[in-house]
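Here the structure is laid out as structure tokens; the discussion comes afterwards.
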Amino acid sequence: LDAILSDYRTDSELNQLCAKGKDAPIESEVSPELFAVLRSSQEIARATSGAFDITVGPYVRLWRRSRRQGELPNQTRLERAASSVGFEKLALDESTQSVTLRVPGMRLDLGGIAKGYILDQAMAVLIEHGITSALLDGGGDLLTSGPPPGERAWKVTIELAHPDTSTGDARPTELFQLVHSALATSGDAYQFVEI
């Protein structure tokens, strides 16, 4: 699934699809797995009026560049990126399992959904093999089935902020108890940039 959905692997099916549409709009058949994630992504995009939008790849690239170089993107680059962002510029055809990138230069970024999909698929395999108690960790994204033997839930502690280095205080934490649930974290405690 990583070989299909990864934004980081240049040889992933996702990145190969985007490369085809670099200079012109394209329509392409895709694997059932990629189509399923794209379909779910578009459903969420419509339900959130675009607050969740996997077409943000051009912006993600700009901010990754900014992080590396320590400078904000200029207005020209932002405008160029904006021209290829918008969930309505991505079309799916269920009958042919094909994807249309309606404008050139579109970059899809599945960072907000791919790990969850992969964890769901991994959990399905475990359940299929009779494993009813599991916690899967996809690098900040957790999925649990039944609790560990003899316990009521999986106990997960999350650090909520940077430690206060001036006082030596530890990071504040929060305890979550998970059973048949998922938890995803994101924050600036470890990954951030100051420009």
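The values are calculated or read from the model by the stated rules, or taken from the named source; none is laboratory data. Small disclaimer: the values here were computed from a predicted structure and weren't measured. FYI the Cβ positions are ideal-geometry reconstructions off the backbone, even for glycines, and counts take in every protein chain you see. For accessibility, only protein heavy atoms count, side chains too; no ligands or nucleic acids. Shrake-Rupley method; radii C 1.70, N 1.55, O 1.52, S 1.80 Å.
What are the residues in the range 6-43 that are part of a helix (DSSP H, G or I) and out of contact with any helix residue (DSSP H, G or I) (no Cβ under 9 Å at 6 or more places or on another chain), if any? Before you say what the answer is, go through the steps one by one.
From the range 6-43, those part of a helix (DSSP H, G or I) are 13-20, 32-43; that's our starting set.
Scanning the range 6-43 gives N15, Q16, A19, K20, P32, F35, R39, E43.
If you go through the range 144-186, how many residues are within 30 Å of Q69 (Cα to Cα) and modelled with pLDDT of 75 or more?
Going through the range 144-186 one residue at a time, the tally reaches 5.
Show the residue pairs that are 6+ apart or on different chains and have beta-carbon atoms under 7 Å apart, the first residue being within the range 37-58 and among the β-branched types (V, I, T), the second being modelled with pLDDT of 95 or more and not in a loop (DSSP other than H, G, I, E, B).
The qualifying pairs are V37/L5; V37/A114; V37/Y117; I54/S41; T55/F87; T55/K89; T55/L90.
Have a look at L92, L143 and point out the one that is of a type in the set (A, V, I, L, M), open to solvent by less than 40 Å² (accessible area, probe 1.4 Å) and within 21 Å of the chain's Cα centre (by Cα).
On the way: L92 fails: open to solvent by less than 40 Å² (accessible area, probe 1.4 Å).
From the options L92, L143, the qualifying one is L143.
For the range 13-46, give me each residue that is β-branched (V, I, T) and open to solvent by 50 Å² or more (accessible area, probe 1.4 Å).
Of all residues in the range 13-46, those β-branched (V, I, T) come to 26, 30, 37, 44.
Passing the criteria: only I44.
Each row is one residue, and each column tells you yes or no for (1) without any contact (Cβ under 8 Å) to a residue 60 or more places away in the chain; (2) surrounded by 15 or more Cβ atoms within 10 Å (Cβ to Cβ).
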residue	(1), (2)
A124	yes, no
I127	yes, no
I131	yes, no
E151	yes, no
E159	yes, yes
H180	yes, no
G187	yes, no
V193	no, no
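Considering only residues of the range 64-79 that are out of contact with any helix residue (DSSP H, G or I) (no Cβ under 8 Å at 6 or more places or on another chain) and touching a residue at least 24 places away in the same chain (Cβ under 8 Å), which is least open to solvent (accessible area, probe 1.4 Å)?
Residue satisfying both the conditions and the ranking: S66.
Tally up the residues in the range 2-12 that are open to solvent by less than 20 Å² (accessible area, probe 1.4 Å) and without any contact (Cβ under 8 Å) to a residue 60 or more places away in the chain, please.
Narrowing the range 2-12 to residues open to solvent by less than 20 Å² (accessible area, probe 1.4 Å): 5-6, 12.
This time we only want the ones that are without any contact (Cβ under 8 Å) to a residue 60 or more places away in the chain, so: 12.
Qualifying residue count for the region: 1.
Return yes or no: is Y117 touching a helix residue (DSSP H, G or I) at 6+ places or on another chain (Cβ under 8 Å), without any contact (Cβ under 8 Å) to a residue 60 or more places away in the chain and either open to solvent by 60 Å² or more (accessible area, probe 1.4 Å) or aromatic (F, W, Y) (or both)? Break it down stepwise before answering.
Working: touching a helix residue (DSSP H, G or I) at 6+ places or on another chain (Cβ under 8 Å): yes; without any contact (Cβ under 8 Å) to a residue 60 or more places away in the chain: no; either open to solvent by 60 Å² or more (accessible area, probe 1.4 Å) or aromatic (F, W, Y) (or both): yes.
No, not satisfied.
All but one of (1) within 30 Å of L142 (Cα to Cα); (2) in contact with a strand residue (DSSP E or B) (Cβ under 8 Å, 6 or more places away or on another chain) hold for R64; state the number of the condition that does not hold.
(2)
What tally of residues in the range 50-63 results from selecting those that are open to solvent by 80 Å² or more (accessible area, probe 1.4 Å) and farther than 17 Å from I113 by Cα? Even if it seems obvious, please write down each step before you answer.
The first filter runs over the range 50-63 and keeps only residues open to solvent by 80 Å² or more (accessible area, probe 1.4 Å), leaving 51, 61, 63.
The next check asks that each one be farther than 17 Å from I113 by Cα; those that pass are 61, 63.
Total satisfying the criteria: 2.
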